[in-house]
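> Structure below; questions to follow.
The values are calculated or read from the model by the stated rules, or taken from the named source; none is laboratory data. The structure displayed is predicted, hence computed values, not measured ones. Because the Cβ atoms are built from the backbone with ideal geometry, glycine has one as well, and the counts that use them run over all protein chains shown. Ligands, DNA and RNA are stripped out before the accessible areas are found, and what is left, the full protein with its side chains, is counted by its heavy atoms. Shrake-Rupley method; radii C 1.70, N 1.55, O 1.52, S 1.80 Å.
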Amino acid sequence: MNAKELEMLVERYRLGESELFDEIYYETQKAVYLSISTIIKDKSTIEDLMQEAYIKAINNLDSYKSGTNFQAWICTIARNHTINFYNRKKKETLVDSV
């Protein structure tokens, strides 16, 4: 699926066709997974972070600008969420070891 077709799916999803989420997910899941797995290596943590990233994306879909690259947008959300998670974990580890 190309970017324009994905864009049309996202627009239809915005208009209330919630059953299209599965298609959007399947079209973007590999890129989102890779965005997270470059930072985190644990598979179950990656899956949790993916779920949280998609929830964030859905809750903030109004901030997505139509006509831009949706896949890049959701990957950015996933990457930023993962960096925040990693930084929190790093702080917890530092506090525990002191």
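> Just tell me which aspartates and glutamates come within less than 12 Å, Cα to Cα, of Lys65; anything on the same chain fewer than 8 places away is out.
Glu7, Glu11
> A further question on this structure: Leaving ligands, DNA and RNA out of it, rank Thr28, Thr45 by accessible area with a 1.4 Å probe, largest first. Provide the component values of the computation, followed by the final result.
Numbers: Thr28 0, Thr45 30 Å².
Listed by decreasing accessible area, they come as Thr45, Thr28.
> Dipole of the chain (Lys/Arg Cβ +1, Asp/Glu Cβ -1, origin at the Cα centre): which of Trp73, Gln51, Ile83 lies farthest to the positive side?
Ile83
> OK, next. With every protein chain present, what accessible area does Asp62 have (1.4 Å probe, heavy atoms only), rounded to the nearest 10 Å²?
Here the residue's solvent-accessible area equals roughly 150 Å².
> Do any trypsin sites (Lys or Arg not before Pro) in the stretch 39-97 lie in a DSSP loop with no more than 14 other beta carbon atoms within 10 Å, and if so, which?
Details: sites: Lys41, Lys43, Lys56, Lys65, Arg79, Arg88, Lys89, Lys90, Lys91; in loops: Lys41, Lys65.
Those satisfying the criteria are Lys41, Lys65.
> For the stretch 1-44, what size does the Cα cloud have along each of its three principal axes, sorted from largest down, in whole Å?
That works out to 36, 20, 12 Å along the principal axes.
> What part of the accessible area of the stretch 24-98, given as a whole %, is carbon or sulfur when the probe is 1.4 angstrom? Spell out each step's value before the answer.
Numbers: 2600 of 4970 Å².
Carbon-and-sulfur percentage of accessible area, whole number: 52.
> Order Leu15, Leu34, Leu6 by their accessible area, 1.4 angstrom probe, all chains in place, largest first.
Numbers: Leu15 145, Leu34 105, Leu6 10 Å².
Accessible-area ranking of Leu15, Leu34, Leu6, largest first: Leu15, Leu34, Leu6.
> While we're looking at this one, here's another question. Using a Debye calculation, one point per C-alpha and no hydration shell, please list log10 I(q)/I(0) for the chain at q = 0.17 Å⁻¹ in order.
-0.74
> Give me the accessible area per residue for the stretch 7-98, probe 1.4 Å, as a whole number in Å². Walk me through the numbers on the way to the answer.
On the way: 6110 Å² over 92 residues.
Accessible surface, normalised per residue, equals 66 Å².
> Quick one: ranking Ile74, Ile39 by accessible area, 1.4 Å probe, largest first, what do you get?
Ile39, Ile74
> Using a cut-off of 17 Å between alpha-carbon atoms, which aspartates and glutamates can reach Lys90, once sequence neighbours fewer than 8 places away in the same chain are excluded?
Asp42
> Let me have the relative contact order for the chain, percent, based on Cα pairs under 8 Å that are six or more residues apart.
Values: 64 pairs, mean separation 31.2, N = 98.
Over the chain, the number comes to 32 percent.
> Here is a follow-up. Add -39500 (n - 2.57) for each DSSP H run of 4 or more in the chain, then divide by its residues: what number comes out at 222 nm, to the nearest 500 deg cm²/dmol? Walk me through the intermediate numbers first.
Details: 4 runs with 74 residues, N = 98.
The per-residue figure over the chain is -25500 deg cm²/dmol.
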